[in-house]
1. Among (1) within 16 Å of the ligand (Cβ to nearest atom); (2) outside any strand (DSSP E or B); (3) under 28 Å from residue 192 (Cα atoms), where does residue 126 come up short?
2. Please go through segment 130-154 and pick out each residue that is in a helix (DSSP H, G or I) and in contact (Cβ under 8 Å) with a residue 60 or more places away in the chain.
3. Looking at (1) outside any loop (DSSP other than H, G, I, E, B); (2) more than 16 Å from the ligand (Cβ to nearest atom); (3) touching a strand residue (DSSP E or B) at 6+ places or on another chain (Cβ under 7 Å), which is the one condition that is false for residue 199?
4. Scan segment 155-181 residue by residue and report those that are within 15 Å of the ligand (Cβ to nearest atom) and either within 18 Å of the chain's Cα centre (by Cα) or not assigned by TED's automatic domain parsing to the domain that holds residue 119 (or both).
5. Answer yes or no as to whether residue 116 is under 19 Å from residue 12 (Cα atoms) and either away from the ligand (no atom under 16 Å from the Cβ) or surrounded by 17 or more Cβ atoms within 10 Å (Cβ to Cβ) (or both).
6. Would you mention how many residues in segment 72-105 are touching a residue at least 60 places away in the same chain (Cβ under 8 Å), under 16 Å from residue 127 (Cβ atoms) and away from the ligand (no atom under 16 Å from the Cβ)?
7. Here's a check for you: in segment 155-186, which residue that is part of a helix (DSSP H, G or I) and touching a residue at least 12 places away in the same chain (Cβ under 8 Å) is surrounded by the fewest Cβ atoms within 10 Å (Cβ to Cβ)?
8. Take the conditions surrounded by 15 or more Cβ atoms within 10 Å (Cβ to Cβ), at pLDDT 95 or above and within 28 Å of residue 14 (Cβ to Cβ) and apply them to residue 139. Does it pass?
Ligand SMILES: [Cu+2]
């Protein structure tokens, strides 16, 4: 993948790690709780033991959850960094959100509506803003999501490593036409892209 770290994998890894740990803890704590309910019931265990001031226990139940939370933070942070650091040489496309469509402007001033065309194998940076109210650009396939706000320029980038047609959506309720504010992202081969850019431009 010519040295580019695809943030998609980092995002998925963070998601699987956090959901996996959550499921494990849910099962572990539930099973342990049910076990303790029987083992330490009043009939079997009439005298409760006093564990106050047990430094070993206190240290363990402070350190282990801290380590778990920090490891989750590590996975989240590394994927966030991957999503914010645009590799050099990315194709830059301007996106203007408006009620109720996406205006897509290429460096050669070519303008599209609700359609983004990119070549496979080159990182793409989308510079995003809004012309009116708050919108949100969400491209699920590439794990990319950001709010578009009037007066603020922001960006996302992604690495289209597979050809095909993907959808993107507005994820902020921006008015009555919000449900129709969708578009198509087409990832085509390098040659097809050059040809398309020439024809359209
Ligand atoms: Cu919108």
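1. Exception for residue 126: condition (2).
2. The initial filter retains those residues of segment 130-154 that are in a helix (DSSP H, G or I), namely 140-142.
Within segment 130-154, just 142 meets the criteria.
3. Status for residue 199: all satisfied but (3).
4. Initial filter on segment 155-181 (within 15 Å of the ligand (Cβ to nearest atom)): 167-181.
Matches in segment 155-181: 167, 168, 169, 170, 171, 172.
5. On the way: under 19 Å from residue 12 (Cα atoms): no; either away from the ligand (no atom under 16 Å from the Cβ) or surrounded by 17 or more Cβ atoms within 10 Å (Cβ to Cβ) (or both): yes.
No; evaluated as a whole, the condition is false for this residue.
6. 4
7. Going residue by residue through segment 155-186, those that are part of a helix (DSSP H, G or I) are 178-180.
When the remaining residues are screened for being touching a residue at least 12 places away in the same chain (Cβ under 8 Å), the result is 178, 180.
Working: 178: 18, 180: 10.
Only one residue tops the list, namely 180.
8. Working: surrounded by 15 or more Cβ atoms within 10 Å (Cβ to Cβ): yes; at pLDDT 95 or above: yes; within 28 Å of residue 14 (Cβ to Cβ): yes.
Yes; evaluated as a whole, the condition is true for this residue.
The values are calculated or read from the model by the stated rules, or taken from the named source; none is laboratory data. Note that the structure is predicted; figures quoted are calculated from it, not measured. Neighbour counts run over all protein chains shown; Cβ positions are idealised from the backbone, glycine included.
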